[in-house]
Amino acid sequence: MSAAINPSGNPSGASPSHAAPLHADVERRIEQFRRNFHIVREEVSRVIVGNEDNIVGIMTCLLARGHVLLEGIPGIGKTKLVQTLADVLHLKFSRIQFTPDLMPGDIIGSTVVRENDAGRKTLEFQRGPIFANLVLADEINRATPKTQSALLEAMQENSVSAGGHTHPLEQPFYVLATMNPLEMEGTYPLPEAQLDRFFFKLKLGFPSAEGLHEIVDRTTRQQEPHVDRVLNQGEVLEMRETARAVPVARPIQQYAIDITLATHPESERATQMVKRFVRFGSSPRGTQALILGGKVNALLNDRLHVACEDIRTVALNSLRHRLLLNFDAEAERVDSDAILIDVLERVKEPR
Amino acid sequence: MTPEREAIGRALTRIERRLRLNHAVYAASLIAGLAVLALLAWRALRWIGGSAPTAAALVIVLAVLAAIVLVFLLLRYLFTRESGPARAAGEADTRAALNNELASAYWFLHAGARSEWIAAHLQHAAHTATGLEAARLIPVRLPLTSGAALAVAVVALAALWFAPPLAPAGALAPAGLLSAEEVAQVRALSELAEAMPDSEPARRLEAALRTLQDATTPVEAQRRALAQANDAVQQLRLEAASTRERLQRLSDALRGQPGMEQVAEALARGDAQTAAQRMAQLQAQSGQTQAGKAPPEGAGASEAEPADSAGDRGLEQALQEATAATGATDEAGAAELARQEAVDRLKEIARELEASARVNEAWQRVRGPQLTAGQSQGLSASRFAEQTAAPSMPSPGSGETPMEGGTMFRAAAVAEGDGRTEQEGGTRAGDALGDAPADALLGTRGERLEAQLGKQGIAGEEQDDDGEEQNKSWYYAQSQQQKALARLRTVQAAGRFAAAESEAGEGISIQHRQIVKDYFMNLREGAR
C-alpha cells in the first residue's frame with residue numbers, strides 16, 4: 001500500500017541507503033554485505049543451473065556460522081555446488097567421501113611416530129581433511145555413527161581433540177554434508193540429535209526441462225564454465241559479523257518462538273497437524289536458526305531489522321530436520337515440510 | 001526526546017486516532033444491525049400475519065439467533081479490542097506493507113535499546129512514519145462484510161415495509177383449507193346432520209359444519225372445526241356400531257321364540273327397518289285374533305305417548321314383554337302395547353342407522369382421505385424410528401454376527417505354554433523364568449594387551465603442530481613377544497596352507513597341479 005505513503009516519505013522496500021543519512025559505518029557494511037552476496041551468487045550461478053534458493057540457503061548458512069545438510073538424489077549437482085562455492089570463496093576446501101570403513105582418525109587426523117635419519121623418534125599430529133574452511137562431507141550417512149560423531153563434534157566445538165591436544169579449526173569453518181535419501185540400505189541415518197547440529201537442511205530438487213538443457217549446454221562444451229575467486233576469508237568473516245549485528249525486536253523474536261513452540265505436540269500452541277503427526281518438536285537451536293537466518297535474509301532484503309517475513313522465509317530450511325515425526329506421519333506420507341507450512345499458516349504475527 | 005522518537009510517536013498517535021474512529025464506526029454498525037434486525041423481524045411478522053404460523057415461528061427463531069450473534073460480536077469486539085501505539089504500529093505495518101518496521105522501531109524505543117544499528121533503524125523508521133498518511137492508510141469505513149450485511153438488511157426492510165400483506169386474515173382461509181366442491185359437500189352434509197335424530201355427536205357435528213361453512217372463519221379455526229367434525233362423525237359411527245351389536249344380541253335372544261323367527265333374522269342382519277315391518281305384521285295378526293275383545297285400559301294413553309318416550313324401557317324389554325304375553329285379556333293388552341312400542345323403537349333405530357350411514361358416506365366424500373393421510377403424517381419421530389429401525393444385531397464378540405462370507409469370531413491373542421497349564425507356567429509370550437543358562441563366550445582366546453603391546457620410549461623432545469614443545473616420551477608399539485608370535489604364526493600358517501592345498505588337490509603337489517589341470521582340459525576339448 002504505497003499509496004498511503006507520502007511521496008516525500010520513503011516507500012517501504014526502498015534501500016535504506018536512499019532513505020535518510022544513516023550512520024556511515026552501518027551503511028557501508030550493509031552495502032558491502034549485499035554486494036558481496038550478490039557477487040557470490042552470480043558467480044556460482046555461472047556453473048550451477050537453477051537452485052538459486054539453495055545457493056542463497058548455503059550462503060545464509062555460511063554467514064550465520066552454521067553448517068548445512070544437503071539432501072538430494074545422486075547426480076543433481078550437490079557436490080558440484082559445494083566445489084563451485086569453494087572456488088568462488090577462495091577458501092581452503094576439502095572433500096571427505098564417507099564410507100562404512102571410514103574412521104574418525106581419517107577425518108580429524110592422527111598422531112604418528114616419525115623417525116629422522118639420526119634415529120630420533122618424534123610424535124607428530126597429521127591433520128585430517130577437516131582442517132579446512134569448507135568441508136564437503138559427501139554421503140555422510142554412509143559412515144558409522146562413530147565417525148559421524150567425530151565430524152559433528154568438530155562442527156559443534158569448532159575444534160578437534162587428538163592426542164590430548166585441542167586443535168582449533170580455522171574460521172570460517174563450514175561443513176556441507178550431503179545425504180542421499182534413496183539408497184538407505186547399508187547406511188547409518190543420522191539421529192535427530194545430530195541432525196539438530198545442522199543449521200539448515202536444504203533439499204535439492206530435480207531440474208526442469210529447461211534446466212536440463214542448460215546443464216547439457218554448459219557441461220558438454222569444449223570448455224566448461226570457469227569461476228573466479230571473488231571473496232576472501234576476511235571478507236567472509238566480516239559478512240558474518242555484519243549479519244550478527246542486525247537487531248531483532250522482541251515481537252519478532254516472540255514470533256520465532258511461537259513457531260518453535262507450535263511444533264511441539266504437547267504445547268498448547270501446537271496445531272492439530274502437529275499434535276497428530278509430530279513426536280518431538282524443534283529444539284532451541286531451531287529458534288536460533290530462525291533468528292540468525294532471518295537476520296541474513298533481512299540484510300538481503302535491504303532491511304535494518306528482522307521482519308516476520310524473514311522468519312517465514314527461513315523457517316522450512318531451519319526446522320524441517322528438527323521435527324521427529326511419528327508412525328502416523330510415516331503411514332500417511334506426511335512430511336515435515338507440510339507440517340511446517342501448516343504451522344506457518346496458523347501462527348499469527350504479533351500485532 | 002530524539003527527533004526519531006518524536007516523529008514515530010506522532011505518526012502512531014495519528015494512526016491510533018483513526019483506528020479508534022474505525023472501532024466506533026464498527027460498534028455503531030453492530031448496534032444499527034441489531035435495530036434493523038428488530039425492525040425486520042417485526043415487519044416480517046406483520047407481513048406474514050396469521051396466514052402462515054410456521055413461517056412466523058421461523059422468522060422469530062431466525063431473528064433471535066441473528067440477535068444473539070450480533071450481541072456476541074459486539075461484546076467480543078468491545079472486550080477483546082486492542083488499542084495503543086503498539087497496535088497502531090502493527091496495523092500500519094500490515095496496511096502499508098512495512099514488514100514490521102514500525103512495530104520493531106516502537107519496541108526498540110519502548111525498551112530503550114541502543115546500538116548503532118538500532119539508531120540507523122530508528123532513523124529509517126522515523127522517515128517512513130513521517131511519510132505515512134493516516135487518513136489514506138486507515139480510511140473510516142465499515143468492514144466489507146458488515147457493510148454488505150447491513151445494506152442487505154436495510155433493503156429487505158424496505159421491501160417488507162412497502163410489500164402488501166401476504167394474506168388478509170380470513171379471506172383466503174376457505175380457499176386455503178377447503179375447495180369449492182368440498183364446501184358444497186359440507187353444505188349437503190350439514191343438511192343431513194340437521195335431519196338426524198337429536199344427539200350429542202349430531203349437535204357437535206352441526207356446530208362444526210356451521211363453522212366450516214362460515215367464510216370469515218380463520219384457517220386455524222376451520223382446521224379445528226374440521227377435526228371436531230371428524231370426531232363427531234367417528235362418534236356417530238361408533239354409536240351405530242354399538243346399536244348393531246345390540247340388535248345382534250336381541251336377535252340371539254329372540255331366535256328361540258315362536259313367531260319371532262323373521263324378526264330375529266332381520267335383527268341379525270342389522271336391518272331394523274325389516275324387523276319393524278315383521279313386528280308390525282305380527283301385531284296386525286294378533287289384533288285380528290283379539291278383535292272381539294275390549295281394548296285394554298290405557299291403550300289410548302300409550303298411543304298418545306311419543307315413541308321416543310318409550311326409550312326408557314328399552315327395546316329389549318319391550319320385545320320380551322311382547323313375546324311373553326299369553327291369552328289373558330290383560331296380558332294381551334300389555335303385549336299389544338309392548339309390540340307397538342317395539343315397532344316404534346325399531347323404526348327409530350332404523351332411522352338413526354340410516355342417517356348415520358348417510359352422514360358417514362358424505363363425510364368420507366368431503367375429507368375422509370385427507371384426514372386419513374393427515375393421521376398417518378402425524379407419526380412421531382421416535383415412533384417412526386421404532387418402526388423402521390433394523391433389528392438389533394448381536395455383538396461381534398458373541399460369534400453370532402452374520403457377515404457376508406462367514407462369521408466373525410474373536411480369537412485368543414496369547415498361546416498356552418508348552419506342557420503346562422496357564423496357571424503354572426504362564427504363557428508362551430512373556431515367559432520369564434530367570435534360570436536361562438549364560439551364553440557361550442564368543443570369539444577365540446586372545447592375548448593380553450600388555451603382552452601384545454609394549455611401551456616404546458622416544459629419546460629427545462618432539463615439536464607439536466602448535467609450536468609448543470612437550471614431552472611425549474613413549475608410545476605403544478608391538479612387543480617382542482608379539483613380534484615372535486606373529487612370525488611363528490606366519491610360518492605355521494604357511495605349513496598349514498601347503499598341507500591343506502595338497503589335501504584339497506587329492507595328493508597332487510602344487511607344482512604339478514597346473515599340468516594335471518591342463519591335461520584334463522585338453523582331454524575334454526579333444527573329446528568334443
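Between A:315, A:329, the distinction of being hydrophobic (A, V, I, L, M, F, W, C) and either buried (at least 23 other Cβ atoms within 10 Å of the Cβ) or within 14 Å of chain B (Cβ to nearest Cβ) (or both) belongs to A:315 only. Given the condition within 11 Å of chain B (Cβ to nearest Cβ), surrounded by fewer than 21 Cβ atoms within 10 Å (Cβ to Cβ) and either among the hydrophobic types (A, V, I, L, M, F, W, C) or within 22 Å of residue A:203 (Cα to Cα) (or both), answer yes or no: does some residue in the range A:299-309 qualify? Yes, that holds for at least one residue. Filtering B:7, B:11, B:57 for residues that are of a type outside the set (Asp, Glu) and without any contact (Cβ under 8 Å) to a residue 40 or more places away in the chain leaves a single hit, B:57.
The one condition from (1) without any contact (Cβ under 8 Å) to a residue 24 or more places away in the chain; (2) closer than 30 Å to residue A:185 by Cα; (3) within 14 Å of another protein chain (Cβ to nearest Cβ); (4) not hydrophobic (A, V, I, L, M, F, W, C) that residue A:101 does not meet is (3).
Only helices (runs of 4 or more DSSP H) whose full extent lies in the range B:49-165 are considered here, and the ones with at least 1 residues that are within 11 Å of chain A (Cβ to nearest Cβ) and closer than 30 Å to residue B:31 by Cβ are B:85-96, B:134-137. Exactly one residue out of A:322, A:276, A:312, A:269 is outside any loop (DSSP other than H, G, I, E, B) and in contact (Cβ under 8 Å) with a residue 40 or more places away in the chain: that is A:276. Note on the range A:337-351: among residues that are in a helix (DSSP H, G or I) and among the β-branched types (Val, Ile, Thr), the one that is farthest from the other protein chains (Cβ to nearest Cβ) is A:339. Evaluating residue B:448 against the criteria (1) at pLDDT 55 or above; (2) farther than 30 Å from residue A:111 by Cβ leaves one unmet condition, (2). Considering the range A:237-253, and only residues there that are more than 10 Å from chain B (Cβ to nearest Cβ) and of a type outside the set (D, E, K, R), the residue that is surrounded by the fewest Cβ atoms within 10 Å (Cβ to Cβ) turns out to be A:237.
Within the set B:15, B:48, the sole residue that is surrounded by 17 or more Cβ atoms within 10 Å (Cβ to Cβ), aliphatic (A, V, I, L, M) and touching a strand residue (DSSP E or B) at 6+ places or on another chain (Cβ under 8 Å) turns out to be B:15. Take the conditions (1) over 18 Å from residue A:57 (Cβ atoms); (2) modelled with pLDDT under 90; (3) away from chain B (no Cβ under 11 Å); residue A:258 misses just one of them, which is (2). Residues considered: A:42, A:71, A:31. Of these, the only one that is within 30 Å of residue B:98 (Cβ to Cβ) and either away from chain B (no Cβ under 14 Å) or modelled with pLDDT under 85 (or both) is A:42.
The values are calculated or read from the model by the stated rules, or taken from the named source; none is laboratory data. None of the values given here were measured: they were computed from a predicted structure. So basically every Cβ, Gly included, is an ideal-geometry build from the backbone, and we count neighbours across all protein chains shown.
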